[in-house]
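The structure appears below as structure tokens.
The values are calculated or read from the model by the stated rules, or taken from the named source; none is laboratory data. Only a predicted model underlies this, so the values are computations on that prediction, with no experimental measurement involved. Glycine also receives a Cβ, built like all others from the backbone with ideal geometry; neighbour counts cover every protein chain displayed.
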Amino acid sequence: MQGLVAEGRLELMQVYKLLQYVRHGNKAQIEKMVQLGVPNLINLSEPQEGLSSLHQAAEANDGSMISFLLAQGTLPDLQDKAGCTAAMRAAKLGHYGIIELLGSEGADMKAVDLEGRGVLFYCIYPTEEHLYCLEAALKNGADVNNISHKGKPVLVLACENAEECEEMCIDLLDKGADPDNTDEETGRTALMEAARVGAMTLTRAILQDYGKVNDIDNNKCHAAHFAAEGGFLEVIQLLSAYSADLGMVSADGNTPLHLAATGGFADCCRFLAQRGCNPKLKNEQGLIARLIAKNLGQKAAMKELKKAETLYGKYFEAGETNPNELWALTLHDWSYEHEESLRSSFDMEEDQDDEESHDPVEVISKSTFLSVMMDSGAPVDAEKLNKIFAAHDKKRLGKINITDFFKGLEYLQKAFVNMSYGPKKKKAGKGGKGKKKKGKFVLPFPICTLPPDLVQRRSDGGPPQFMIERYHHFTDTNRFSRDCPPAHPIVDDSAWYMKEPEKAYVNINHCVKRGDLESLSLALSQSVPVDIKDRFYKTPLMTACSSGNYQVVKFLIGQGADVNACDQFKWTPLHHACHAGQVNIISLLVRSRADLDAVAMNGTTPLMRAIESCRPACVEHLLVAGANVDAENNKQQTCLDIARAYGDLRIVCLIEAKLDDPDYVKEDKPQGKPAAPQARSSKDEASASPLSLTPEPVVKKLSQKDSVVFQNARIASGAVHRLNITYVPKKMWGPPVPKREGQRELLPGQADLEEASTSL
């Protein structure tokens, strides 16, 4: 019912005032206006969109207001200028409670808008709220076969979005929607749209509802064309089970096999070729399916199509007997699809003969087999069923094993049954020569991250504290130059009239890597701890040390950052700086009283990390600062062992010089302990066993000799003479080549030019 549009200034002002009261929920003023206002004010609509008070309340999802308006005499079927009722507007926004309320108040759910679309068209959206709206509309009598003026049925529209609205489509079918509804513009049916998106459950529901399986659209495309184009093998198998013609040719000469070859779907190509699709048929471009796969580089599909061409030429062109007849394949696909219902029918039939047995039936008689198959609608006649029974009853016992029948291996080859398309099982490894040896089991080492309960959160419920607010500069780039921004706040008045930018949060360690001191200063001013750890236990100072940002390190230390903080591996900032080889940062940390001999989880010290970085300047700085050279890691390796393993002669010399320094022993001597272990007497050396004296020098010589990196460094430094491996032939064939290493003779003109250039 088209609403009455307000005319005249008085009606217009009162309608807008009424809509305002409806929006604010002022029922007293609404009742007063209805009583004292212009006649029939409650059903008037504004002139621009035709919006009435009922539309306004429906869009606001205000059920109490709708009940109040209906009690005041509002018509439930008022339409706006587009023909939309209040129920349609509510359905578009997913207000299923309003749909139920309007339906209970007698609203017409079969009303259509100016385009012929009913309320169900507005429910086709992929949300649960819209699903509830559709169920409520169907409950109150909405037309499930509603077709718009453009010729599109609501079921076809829902099937177009079946990837997200499959449950809606099934609800429409359950409420009596015609499965053969067709879009007049494209000629596509609901089955084609369901096959196009690969909606297996919906396709089965349409076929079980007796939908036509062999309909074609305006381009003569079959449902199998759309399923093959998307590579949906299960949908193609389902269509074959309902006797679909998989060899249909479209207007452009393409069969489903051509489209499967285009996408490179090898299993689809194999199935379609087995089920009667001609692999040697050419399309309008003169290409067979194999050539299409070859041009697109689809090797797996091309391999299957080549096999299909060989079989097609053998059985259909040469005239040999085909062991896999098309009717047998159709029967196998049908029985594979209806296996559950057929088994229950076989059980019921056998239970009537044998009332005492209640176990599942495996072997049945011929009469039971034939009667159940014919009653269930098998796609073959009784003569062919007798052939199938004879293929299983080779001993002439009059019995058939239904499990063997469903497998189909008694009357079809193994490559043609549906079980051959499942995931292949891995063959068990055979013993002997081809048996692979199992490698050593390596326990996976997960990435250690901070537990969620230990992450420091903001009191206002914002992001974690290691996510800090990014600093925004308020300079207006449209008024001032970006390269020369105004320095004085009186000149730069952008902050007074520019809109305040939205807050953007960034990881504090990302700001450290970029050197964003402004954002760091802003975060510290907002009481963010300077030693806050991110998900990987790294403080900003550790990140600055590992990335080599000296200015940020200096800023953080000035703000009171802990120079001896540890991460999950007990690495300190000095470990990270030594590992990165940053001499300036190491010097700054040492001056800030960082622990020189901090031990990590694997027993390494900062000096060992500096040795591994192969930076002699870092090693020398730590040695001068007093780092312990005799420290050992968990593998019982000293600093000298690590230096020799990494093969840098410069660092080896620095460590050995430190160890040979007589002052080093005095400085490193611990208080309160005797000096006997540091310097032994001749009597102690004589009394010591050979085993206690020999291991250390022998290990050092072996590690130095066996290190390839160490020997390479010696060759590069000239400590070892290089071996001349130049090949000299025993006999020279032909005259010797004259040497042309003399100075090039210059012509008189060229000599003048060179002299002139040198004089200039």
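For segment 288-329, enumerate the residues that are farther than 30 Å from E383 by Cβ and more than 36 Å from the chain's Cα centre (by Cα). The answer is E309, T310. The set of residues in segment 539-554 that are touching a Phe, Trp or Tyr at 6+ places or on another chain (Cβ under 9 Å) and farther than 11 Å from K513 by Cβ contains only M542.
Within segment 252-275, the set of residues being in contact with a Cys (Cβ under 8 Å, 6 or more places away or on another chain) and over 18 Å from S420 (Cβ atoms) comprises T255, P256, L257, A261.
Could you tell me whether segment 567-584 includes any residue that is part of a helix (DSSP H, G or I), more than 40 Å from the chain's Cα centre (by Cα) and not polar (S, T, N, Q)? Yes - at least one qualifying residue is present in segment 567-584. The residue pairs whose first member lies in segment 20-48 and is in contact (Cβ under 8 Å) with a residue 12 or more places away in the chain, whose second member is among the aromatic types (F, W, Y) and surrounded by 15 or more Cβ atoms within 10 Å (Cβ to Cβ), and whose beta carbons are closer than 9 Å, counting only pairs six or more residues apart or on different chains, are K27/Y21; K27/F68; I30/Y21; I30/F68; E31/F68; M33/Y21.
Checked against (1) in a loop (DSSP other than H, G, I, E, B); (2) modelled with pLDDT under 90; (3) of a type in the set (A, V, I, L, M), A594 meets all criteria but (2). Among the residues of segment 525-539, the ones that are closer than 12 Å to M467 by Cα and either aliphatic (A, V, I, L, M) or not in a loop (DSSP other than H, G, I, E, B) (or both) come to 2 in all.
Within segment 604-637, being under 12 Å from H575 (Cα atoms) and part of a loop (DSSP other than H, G, I, E, B) holds for T604, T605, S613. Among the residues making up segment 61-84, those that are more than 46 Å from the chain's Cα centre (by Cα), of a type in the set (A, V, I, L, M, F, W, C) and not in a loop (DSSP other than H, G, I, E, B) are F68, L69, L70, A71.
Among the helices (runs of 4 or more DSSP H) confined wholly to segment 282-389, which include 1 or more residues that are closer than 17 Å to F271 by Cα and assigned by TED's automatic domain parsing to the domain that holds E410?
Where helices (runs of 4 or more DSSP H) fall fully within segment 282-389 and carry at least 1 residues being closer than 17 Å to F271 by Cα and assigned by TED's automatic domain parsing to the domain that holds E410, they are 326-337.
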